[in-house]
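Peer 1: To start, I am sharing the structure in question, which I have written as C-alpha cells.
The values are calculated or read from the model by the stated rules, or taken from the named source; none is laboratory data. As the structure is a computational prediction, the values presented were derived from the model and not from experiment. Ligands, DNA and RNA are excluded from the accessible area calculation, which covers all protein heavy atoms including side chains. Shrake-Rupley method; radii C 1.70, N 1.55, O 1.52, S 1.80 Å.
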Amino acid sequence: MTDHQLCDNLKFTTAINTIAVAIASQFQSAEEQIAVAAVLTQIADTIETIAARNTLCEKKPD
C-alpha cells in the first residue's frame, strides 16, 4: 500500500475490511472467529502499548 493509499480514508478502511472478511471466512464457527478476533485485538493492543512506551521513552527533557 502506498503512502497515498494510507492517507486515503476510504482506501485504507476498505483494505482493512477486506482483510477482516478474508480472515473471518477461514473459520467455520462463530466461536473460532471470536477467538481469532480476541487474539488479533490483543496483538493490536500490545503493539499500541509498545508504541506509546516508545513515544514516552523517546521524549527528551525540557
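Peer 1: Could you state the angle between the C-alpha long axis of helix 9-24 and the longest principal axis of the C-alpha atoms of the chain, as a value from 0 to 90 degrees rounded to the nearest 10?
Peer 2: Helix 9-24 and the main axis of the chain meet at about 50 degrees.
Peer 1: Another one. Out of these labelled values of Rg and Dmax of the Cα atoms in Å, [x] 11.9, 43; [y] 22.2, 62; [z] 16.3, 54, which was calculated from the coordinates shown here?
Peer 2: From the options [x] 11.9, 43; [y] 22.2, 62; [z] 16.3, 54, the structure gives [z].
Peer 1: Heavy-atom accessible area per residue, the chain, 1.4 Å probe: how many Å²? Walk me through the numbers before you get to the answer.
Peer 2: On the way: 5510 Å² over 62 residues.
Here the residues of the chain average 89 Å² of exposed surface.
Peer 1: For the chain, what % of the accessible area comes from carbon and sulfur atoms, probe 1.4 Å? Write down the numbers at each step before the final one.
Peer 2: On the way: 3520 of 5510 Å².
On the chain, the fraction of accessible area on carbon and sulfur atoms equals 64 percent.
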